[in-house]
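Undergrad: One structure coming up, written as structure tokens, with questions to follow.
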Amino acid sequence: MTEREIRKAIVENCLKMNATGLNQGTSGNLSARYKDVMLITPSGIAYEVLKPSDLATMPITKDYGSWEGPLKPSTEWRFHLDIMIDRPDVGGIVHTHSTYATILSIAGKEIPACHYMIAAFGGPTIRCADYATFGTEELSANALKALENRTGCILANHGMITTGANVAKAMWLAVELETIAKQYYQSLLIGGPNLLSDAEIANVLERFKGYGLQDKKAANSDAKPKAKSRAKSPAKAKAATTPKTRAKPKTLAKPRAQAKPSARPKPKTRKRA
Ligand SMILES: [Zn+2]
């Protein structure tokens, strides 16, 4: 796809996010990879009036945190950028505070294998990342950990993230995640779900590959395995998990100049979307 086509696809999927009811106010944001830059929705603009030319661009591999465009990038740019850096297989990212995913995140519950469609996320669970303040490096690190070998996660007391080979695929998964979240939540109200086994989810995952439902590269996410961020084994899915310990929120970072990607410096101070 050309940059112009990708910009159009982002705007189209923003409107789709509104139409599907996934977006709450202006809390949702989308990004897509184009060569070595990330195109991302800007902060504080209604999607009904968003134009392809309004998107911000941020370099993926250098000048970490710098951006160009008529409008500031989303306040959530950091985890979008960190996912793009850490996961070369990811071409599109959706983040939203959709109701049911956020309800589960507030309760600190990961989503277990209550429905076979969970295999579309690469395994038998959709993890819940530990809480950290929006826009922080800590939130990025927590999200990356929860996304290991997965194409989606929820963020404690915040919302959800889905990733795909492109922004349309990530949006499809966002709708699926919210659907499973709603189904799981409601099953808890009538006595709790009967869970599928890990073997059955592995079986479904194989079938999805045959149908093109599972993006193999995205599911494997083995571009940069990190021993220290290894998440706990998803081997035993449970109907409910222990709420995560909440990290102490940090204050937002100070303004700073450009630096190397590895330095992961603080961003410019940005207003909340
Ligand atoms: Zn958010």
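Undergrad: Please go through segment 19-42 and pick out each residue that is more than 15 Å from the ligand (Cβ to nearest atom) and farther than 19 Å from residue 57 by Cβ.
TA: Within segment 19-42, 19, 20, 21 qualify.
Undergrad: Would you mind stating whether residue 54 is in contact with a helix residue (DSSP H, G or I) (Cβ under 8 Å, 6 or more places away or on another chain), modelled with pLDDT of 95 or more and either among the aliphatic types (A, V, I, L, M) or more than 16 Å from the ligand (Cβ to nearest atom) (or both)?
TA: So residue 54 does not fit the description; no.
Undergrad: Ok, one more. How many residues are within 15 Å of the chain's Cα centre (by Cα) and outside any helix (DSSP H, G or I) if we restrict to segment 150-203?
TA: 17
Each row is one residue, and each column tells you yes or no for (1) free of Cβ contacts under 8 Å to residues at least 60 places away in the same chain; (2) within 13 Å of the ligand (Cβ to nearest atom); (3) more than 24 Å from residue 25 (Cβ to Cβ).
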{"position": "74", "(1), (2), (3)": "no, yes, no"}
{"position": "78", "(1), (2), (3)": "no, yes, no"}
{"position": "83", "(1), (2), (3)": "no, no, no"}
{"position": "99", "(1), (2), (3)": "no, no, no"}
{"position": "112", "(1), (2), (3)": "no, no, yes"}
{"position": "125", "(1), (2), (3)": "no, no, yes"}
{"position": "128", "(1), (2), (3)": "no, no, no"}
{"position": "154", "(1), (2), (3)": "yes, yes, no"}
{"position": "174", "(1), (2), (3)": "no, yes, no"}
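Condition check ((1) of a type in the set (Lys, Arg); (2) surrounded by fewer than 24 Cβ atoms within 10 Å (Cβ to Cβ); (3) in contact with a Phe, Trp or Tyr (Cβ under 7 Å, 6 or more places away or on another chain)) across all residues:
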{"site": "58", "(1), (2), (3)": "no, yes, yes"}
{"site": "64", "(1), (2), (3)": "no, yes, no"}
{"site": "70", "(1), (2), (3)": "no, yes, no"}
{"site": "73", "(1), (2), (3)": "no, no, yes"}
{"site": "79", "(1), (2), (3)": "no, no, no"}
{"site": "92", "(1), (2), (3)": "no, no, no"}
{"site": "95", "(1), (2), (3)": "no, no, no"}
{"site": "98", "(1), (2), (3)": "no, no, no"}
{"site": "103", "(1), (2), (3)": "no, yes, yes"}
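The values are calculated or read from the model by the stated rules, or taken from the named source; none is laboratory data. Since the structure is predicted, the reported quantities are computational estimates derived from the model, not experimental observations. So basically every Cβ, Gly included, is an ideal-geometry build from the backbone, and we count neighbours across all protein chains shown.
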